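Reading through the structure tokens given below for one structure.
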Amino acid sequence: MASTTTASDIPIEAQRTAARRPWWLWAGLVVLALLPLLGGKTGLISNYGFLQLSLIIVYSIAVLGLILLTGFNGQISLGHGAFFAVGAYTAAVLIDQVNWPYWATLPVAAIVCFVVGYLFGLPALRLEGHYLALATFALAVAVPQFLKYRHFEWFTNGVQGINIFKPDPPFGLPLSADQWMYLLALFVAVIMFWIARNLLDSRTGRAMMAIRDHSMAASTMGVNVAHYKTVVFGISALYTGVAGALHAIIFEFVSPDSFRFELSIAILVGAVVGGIASLPGAIIGGAFVQVIEKYADALTKKLTAAVHLPIDLEPWTIYGLALIILMYVMPTGIAGGLALLWHRVRRSRAQVPPK
Amino acid sequence: MEQLIQQVGSGLANGAIYACVALALVMIFVSTDHINFAQGEMAMFSAYLTWQVIQWGVNFWLALPLVVLVSFVIGVAVERIILRPLHNAPVLSIVVIFIGLLAIFHSLAGAIWGHTIKVFDSPFPHITFAGSGYIGPHQIGMILVTIVLLLLLFAFFRLTPLGLAMRAAAQNPVSARLAGVRVDWMLALGWGLAAAIGAVAGSLVAPAVYLEPNMMASILLYGFAGALVGGISSPGGAVAGGFIVGVLENVIAYAGNLLEKSTGIYIIGNGEKLTVALIIVITVLTLKPSGLFGHVTVKRV
Amino acid sequence: MAALLEVEGLKAYYGQTQALHGVSFSLEQGGITTLLGANGAGKTTTLRAICSMVRTQGTIKLDGEAIAGVATEEIVRRGVGHVPEGRGTFTNLSVEENLRVAAYTRSDKAAADRDRDMVFEYFPILKARINQQAGTLSGGEQQMLAISRALMLGPRLMLLDEPSFGLAPLIVQEIFRIMRRINAEAKVSMLLVEQNAALALDLADHAYVLETGRVVMSGKAADVKSDEAIRKSYLGY
């Protein structure tokens, strides 16, 4: 049976985390922050492992940007790779050409991407559903060519891309560069998720969701739909752009062909798999993107062997099948599905009559 | 001047392909209100099928109808099996499914036939004729086959009962049901036809560009641009839009090259064609979403 | 004679809202039955329910065959012509194409052609406007076209939803006259939903009165017409 569950079907209580942050959230954060100490020094987690963790965090932020726009504000974007690219290039250019310190590039990338997102949000106001998907699709396809534009070459370095270097930890801290990047990413992520949580719990968040659920009704209730939609576009681009900037610093390289259409799709897939209207979903989504990117080939080969197929299946076939099956079975993603399940369990427990 | 005519000629030839893709998109949009993001990959997959059948020793002009038929069936199957059960789902779910289909068709082609470029000989005779300085035999072939295809479709929709039933089902599904038309099957047929048209487009364009899995990605974008310019609710408009975009894309690049040659200033050239398509898409969507020939739908509260 | 249409305990729902609460009535072969009632009484919903256009519970039998839950287009193919509220014209098609679509399911082309001639006999104005785009026809002409489309199905039963709606009195009279002819000559049974009770009761043999999704009165049209309560509520005197 096909599922028509949407983000708006998840009861509002299930959409919010506890009003007071649960103790295990704090404990978890502390453990994560101490990971370089616990994992690194003991050799449990290699530098490579920290690199992977950093990328998971980075993609979580990118996916969070998309979730804010699509899951919480109802604007579909197939082109978030564009904002990722803008953030990445902002950071790379500032570090490489202007010799800025890496940490200073993050706020700049944030502002630049907000402006770009806001500007794109203006014509997007008149578009909905498929039309908006179409416009953002066009954006995603055109990004690499756009980045190769001759007149940008003096700072983008054209097809060759820009090489930068991971910074060393400051203050002579006894950490490896990878561990320091991990902590930086973690720090940025915590701040950005915290801001997102507060944004969604505020009046702005409620306006956003009202627009998602019924923009006409929202506007008749006095919500300035145009204002919110463009601002949210900007914020969404800001988030994904900061992720892009972090990625550039961690990955040490940007080039036009790093930001092809596939990237936009990967971010969308991450959002959908994780949970299109769920903050924890962004983390699951980010992990999904990174893990798939790393292990897709190996996974697919195992699958092909297991099912004895005559051809070598490719990862994207699995993506595609997973996407379609997900839309049938769990359209609100893993996080959404879990939230619904949890809510049902709590409700049925509450209905058990006291002895 | 000679170069300009060349550009217009090849623009028309490209435009023929864009027109086909645009028509396929419009056909699905008019009947289901969905935009088939997987149209390009489905066409590319069909092109590979044609190539494969030719490899097995069949002549192009026999292979093509066969592949068109198979693609038709695939299109019907996709609509009936994957899309029909979710016809009430929210737009985002539908878009995600289209992306899923895109991923599957794209990667299946790569998995079955590999990613190296395949040579696809033109089925049109390599003859020289007056004017072949301006336009090649394959390009004329593309235009001719497209025109024949369009005439056949026009005849189908205007003159046959099934074509009329499909038009009615697309325009007013409720009234069509009340006339006994099996609307659900009309939608599936629309998908089948769109897939068939895509197969023709893909098989025609493969000899001109390189047959590899990424072949149709930019063509799809041009097809979108064409459909939007012409009017995404108007089949005739979409065809016109496709040709317009084809010619426009070349003429703009040509103008940019001229500018560079004469003044040394480079604004735009062959490397920016996709960006031009993007600008067309955004401009049309923002300023006149119904395109040149389409009609505007009024949203009722 | 077995009833052509038998409805028993019909409940209908728009989403979660229940619009019919157990409606029962029947229609004899060859007869004209009318459903009366105020706005929102459930008359249109009843017609929609018969054609499976809304979610239903209960029994609906066409000539003894159960049709509840059968797809709309299949019910139509069994001989039910529904003239919907709002005419349902294919506005972008010509008059000729509108009629041709309706004949789509007819396998006997000769019979379909005869029916077309019959339609033009009843409604000569349609023949005059045959190539005109149907959306440009007047309200009365679109109503004639809607009835004609139903006739082109070669139906046993016609469901008519407020054919008088929004039309000038003279046009309405003509349409009702023709409906009587269709019933007599083409032997098509009719279930007529009307707000114009006087007209409906003149045309019909039997009448049912609906109120908030329930049948509150039934009987011969003449009896219902002379009923005091009906006169006061629906006939205005």
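Coordinate-derived values only; no laboratory data. What you see is a predicted model; the values in this text were computed from it and never measured. When we count neighbours, we look across all protein chains shown, and the Cβ atoms used for this are built from the backbone with ideal geometry, even at glycine.
With the convex hull constructed from alpha-carbon coordinates only, the protein assembly as shown shows a mean projected area of 47.7 nm² over all directions. When restricted to Cα atoms, region B:187-298 yields an Rg and a Dmax of 15.9, 54 Å, respectively. When all alpha carbon pairs of region B:39-174 are counted in 10 Å bins from zero, the resulting P(r) reads 10, 27, 33, 23, 7, 1 %. Using only Cα atoms, tell me the angle between helix C:169-185 and the longest principal axis of chain C; keep it within 0 to 90° and round to the nearest 10. Approximately 90 degrees, to the nearest ten. Per residue of A:323-333, other chain Cβ atoms within 10 Å of the residue Cβ number 5 on average.
Provide a whole-number value for the mean count of partner chain Cβ atoms within 10 Å of the Cβ atoms in peptide C:95-104.
5
For region B:205-267 and region C:15-72, what is the centre-to-centre distance using only Cα atoms, to the nearest Å? Using only Cα atoms to place each centre, the spacing works out to 54 Å.
So, by mean Cβ neighbours within 10 angstrom, what's the order for C:115-124, C:71-80, A:283-292 with the highest one leading?
A:283-292, C:71-80, C:115-124
At 4 °C and a viscosity of 1.567 mPa s, what translational diffusion coefficient does Stokes-Einstein give for region C:169-237, taking Rh as the Kirkwood radius over Cα pairs? Give it in µm²/s as a whole number. Translational D for this selection: 101 µm²/s.
Qualifying chymotrypsin sites (Phe, Trp or Tyr not before Pro) in region B:32-122, where qualification requires a DSSP coil assignment and no more than 13 other C-beta atoms within 10 Å, comprise B:W56.
Close amide H contacts of C:L4 (hydrogens built in the peptide plane, cut-off under 5 Å, sequence separation of 5 or more or a different chain): C:L27, C:E28, C:Q29.
Give the order of A:R212, A:R349 when sorted by the count of other beta carbons within 10 angstrom, beginning with the fewest.
Taking fewest neighbouring Cβ atoms as first place, the list is A:R349, A:R212.
Checking the cross-link pairs A:K148/B:K261; A:K166/A:K294; C:K61/C:K109; C:K127/C:K187 against a 25 Å limit on the alpha carbon distance flags C:K61/C:K109 as lying beyond it. For chain A, place one equal point scatterer on every Cα, skip the solvent, and apply the Debye formula. What is log10 of I(q)/I(0) at q = 0.08, 0.09, 0.12 Å⁻¹? Once normalised to I(0) and log-transformed, intensities are -0.41, -0.52, -0.92.
Taking amide H as placed 1.01 Å from N in the peptide plane, C:G81 has its amide H under 5 Å from the amide H of C:R156, C:L157, C:M158, C:L159, each at least 5 places away in sequence or on another chain. Summary of the geometry: region C:123-175 and region A:289-344, compared by the centres of their Cα atoms, lie 55 Å apart.
Sorted from greatest to least, the principal axis extents spanned by the alpha carbons of region A:274-355 come out as 60, 27, 19 Å.
With the helix formula -39500 (n - 2.57) applied to DSSP H stretches of n ≥ 4, chain B reaches a computed 222 nm mean residue ellipticity of -24000 deg cm²/dmol. Just to be sure I understand the rule: take each whole DSSP H helix in chain B, project its Cα atoms onto its long axis, keep it if the span is 20 Å or more and its mean Kyte-Doolittle hydropathy is at least 0.5. Which ones pass? Span-like helices in chain B: B:2-32, B:60-77, B:91-113, B:137-159, B:183-205, B:215-230, B:235-263, B:273-287.
Overall shape of chain B was characterised from the C-alpha gyration tensor. The equivalent ellipsoid obtained from it has semi-axes of 31, 24, 19 Å, in decreasing order.
Across peptide B:166-176, the mean count of Cβ atoms from other chains lying within 10 Å of each residue's own Cβ comes to 5.
The translational diffusion coefficient of region A:27-97, from Stokes-Einstein at 25 °C and 0.890 mPa s with a Kirkwood hydrodynamic radius over alpha carbon pairs, comes to 167 µm²/s. As a rough footprinting exposure proxy, the listed residues B:R84, C:R149, A:R203 were ranked by other beta carbons within 10 Å of their own, and the order from fewest upward is A:R203, B:R84, C:R149. With Cα atoms as the point set, region A:56-144 shows a radius of gyration and Dmax of 13.9, 42 Å.
For region A:113-177 and region A:215-260, what is the separation of their C-alpha centers, rounded to whole Å? That distance is 11 Å.
The Cα trace of region A:25-176 gives Rg and Dmax of 18.6, 56 Å, the first to one decimal, the second as a whole number.
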